[in-house]
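Undergrad: Encoded as C-alpha cells, here's the structure I'll be asking about.
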Amino acid sequence: MTISSQLSSDKSVELLEFQRLKNLSDTGAVETLAKEFGIVYVTAITRDGCSGCMEQKPLFRELAQKMQSDLGRRVHFANVHVRYSEDDRAESWESKRIFRHAAYPTYLVHVRSKNGVLEVYRAIYPNMEELEKQTRESLDLAKFYKDAA
C-alpha cells in the first residue's frame with residue numbers, strides 16, 4: 001500500500017504530515033491544530049498501513065464535507081498522517097508521545113480558549129455519527145470561548 005493511497009487530496013480535510021509537527025512540544029503540536037477562537041477542530045490521526053484508517057478515510061471525508069456545508073468555517077477538519085513501516089516505527093511512537101494516543105485511527109475534537117487549546121473529545125475508531133454528535137455539541141463551547149476572549 002502506498003502512502004499516497006492513504007493521504008487525501010480532498011480540500012475538505014487539511015492534510016498535515018506528522019513530520020511537520022514532531023519537533024514541536026506536546027502543547028505546540030496541539031496549538032498548531034487549533035489556531036482560532038470560535039471554531040471546532042476535528043482531527044484524525046492516521047498512519048501508513050492502518051486498515052482501520054483506510055476504512056474510515058472516506059467516511060471522515062464525507063462527514064467533513066457534510067458538516068462544512070452545514071456549518072461553514074465553524075468547523076475545521078484535519079488529518080495528521082504518520083509515516084510507518086515495520087522497519088521504522090519511530091514516527092509512530094513519537095506521535096503517540098506527543099498526542100498521547102494509543103492506536104490508529106484516533107480522532108480528537110478541540111476548541112481554543114483564552115487559556116489555550118482544550119480537548120473536548122477523543123476516541124479510537126468511533127463511528128462517524130458519534131463524531132458528528134460530539135462535534136456539533138462542541139459548537140456552543142467554541143462560541144462561548146470566542147466571546148470570552
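Undergrad: Name every residue in the range 117-139 that is open to solvent by less than 10 Å² (accessible area, probe 1.4 Å) and within 15 Å of Arg74 (Cα to Cα), in order of residue number.
TA: Thr135, Ser138
Undergrad: A further question on this structure: So, Leu63, is that one closer than 25 Å to Asn127 by Cβ, in contact with a His (Cβ under 8 Å, 6 or more places away or on another chain) and among the aliphatic types (A, V, I, L, M) or not?
TA: Working: closer than 25 Å to Asn127 by Cβ: yes; in contact with a His (Cβ under 8 Å, 6 or more places away or on another chain): no; among the aliphatic types (A, V, I, L, M): yes.
It is false that Leu63 is closer than 25 Å to Asn127 by Cβ, in contact with a His (Cβ under 8 Å, 6 or more places away or on another chain) and among the aliphatic types (A, V, I, L, M).
Undergrad: Quick one: which helices (runs of 4 or more DSSP H) lie wholly within the range 3-84 and hold at least 1 residues that are over 22 Å from Ala142 (Cα atoms) and in contact with a strand residue (DSSP E or B) (Cβ under 7 Å, 6 or more places away or on another chain)?
TA: On the way: elements: 3-6, 26-33, 51-71.
Qualifying helices (runs of 4 or more DSSP H): 3-6, 51-71.
Undergrad: Return the residues of the range 12-26 that are at pLDDT below 85 and surrounded by 11 or more Cβ atoms within 10 Å (Cβ to Cβ); say none if nothing qualifies.
TA: The initial filter retains those residues of the range 12-26 that are at pLDDT below 85, namely 22, 25-26.
Those that are at pLDDT below 85 and surrounded by 11 or more Cβ atoms within 10 Å (Cβ to Cβ): Lys22, Asp26.
Undergrad: Answer yes or no: is there a residue in the range 46-59 that is crowded, with 22+ Cβ neighbours inside 10 Å, in contact (Cβ under 8 Å) with a residue 60 or more places away in the chain and among the hydrophobic types (A, V, I, L, M, F, W, C).
TA: no
Undergrad: Give me the residue from the range 78-87 that is over 30 Å from Ala149 (Cα atoms) and in contact with a helix residue (DSSP H, G or I) (Cβ under 6 Å, 6 or more places away or on another chain) and, out of that set, most open to solvent (accessible area, probe 1.4 Å). Even if it seems obvious, please write down each step before you answer.
TA: So the first thing to find is which residues in the range 78-87 are over 30 Å from Ala149 (Cα atoms), and the list is 81-87.
Remaining after also requiring in contact with a helix residue (DSSP H, G or I) (Cβ under 6 Å, 6 or more places away or on another chain): 82-84.
Values: Val82: 0, Arg83: 76, Tyr84: 50 Å².
Of everything passing the filter in the range 78-87, Arg83 is most open to solvent (accessible area, probe 1.4 Å).
Undergrad: Test Ala142 against the criterion of being buried (at least 17 other Cβ atoms within 10 Å of the Cβ) and farther than 16 Å from Ile45 by Cα, and give yes or no. Quick ask: steps written out before the conclusion?
TA: Details: buried (at least 17 other Cβ atoms within 10 Å of the Cβ): yes; farther than 16 Å from Ile45 by Cα: yes.
Spelling it out, Ala142 is indeed buried (at least 17 other Cβ atoms within 10 Å of the Cβ) and farther than 16 Å from Ile45 by Cα.
Undergrad: Among the residues of the range 88-102, which ones are in a loop (DSSP other than H, G, I, E, B) and either open to solvent by less than 30 Å² (accessible area, probe 1.4 Å) or of a type in the set (Lys, Arg) (or both)? Can you show your working first?
TA: Initially, the range 88-102 is screened for residues in a loop (DSSP other than H, G, I, E, B), giving 89, 100-102.
Within the range 88-102, Arg89, Arg100, His101 meet the criteria.
Undergrad: Something else about it: Do the conditions hold for Val75, that is, is it surrounded by 21 or more Cβ atoms within 10 Å (Cβ to Cβ), of a type outside the set (Ser, Thr, Tyr) and in contact with a helix residue (DSSP H, G or I) (Cβ under 9 Å, 6 or more places away or on another chain)?
TA: Details: surrounded by 21 or more Cβ atoms within 10 Å (Cβ to Cβ): yes; of a type outside the set (Ser, Thr, Tyr): yes; in contact with a helix residue (DSSP H, G or I) (Cβ under 9 Å, 6 or more places away or on another chain): yes.
Judged against the criteria, Val75 is a match.
Undergrad: For the range 108-116, indicate whether the set of residues that are of a type in the set (D, E, K, R), open to solvent by 80 Å² or more (accessible area, probe 1.4 Å) and free of Cβ contacts under 8 Å to residues at least 24 places away in the same chain is non-empty.
TA: First, pick out the residues of the range 108-116 that are of a type in the set (D, E, K, R): 112, 114.
Subset that is open to solvent by 80 Å² or more (accessible area, probe 1.4 Å): 114.
With the extra rule that they be free of Cβ contacts under 8 Å to residues at least 24 places away in the same chain, the set shrinks to none.
Checked the range 108-116: no residue is of a type in the set (D, E, K, R), open to solvent by 80 Å² or more (accessible area, probe 1.4 Å) and free of Cβ contacts under 8 Å to residues at least 24 places away in the same chain.
Undergrad: Taking the condition under 16 Å from Leu15 (Cα atoms), at pLDDT 95 or above and touching a Gly at 6+ places or on another chain (Cβ under 7 Å), does Pro105 pass? If you could, list the steps in order and put the result at the bottom.
TA: On the way: under 16 Å from Leu15 (Cα atoms): yes; at pLDDT 95 or above: yes; touching a Gly at 6+ places or on another chain (Cβ under 7 Å): yes.
So Pro105 passes the test.
Undergrad: Here's a follow-up. Name the one entry in Thr27, Thr46 that is within 14 Å of the chain's Cα centre (by Cα) and of a type in the set (Ser, Thr, Tyr). First the steps, then the outcome.
TA: Working: Thr27 fails: within 14 Å of the chain's Cα centre (by Cα).
Answer to the check: Thr46.
The values are calculated or read from the model by the stated rules, or taken from the named source; none is laboratory data. Quick caveat, the model's predicted, so the values are computed rather than measured. Quick reminder, even Gly has a Cβ in these numbers, built from the backbone with ideal geometry, and neighbours come from all protein chains shown. For the accessible areas, the whole protein counts, side chains as well, though only heavy atoms, and no ligand, DNA or RNA atoms are used. Shrake-Rupley method; radii C 1.70, N 1.55, O 1.52, S 1.80 Å.
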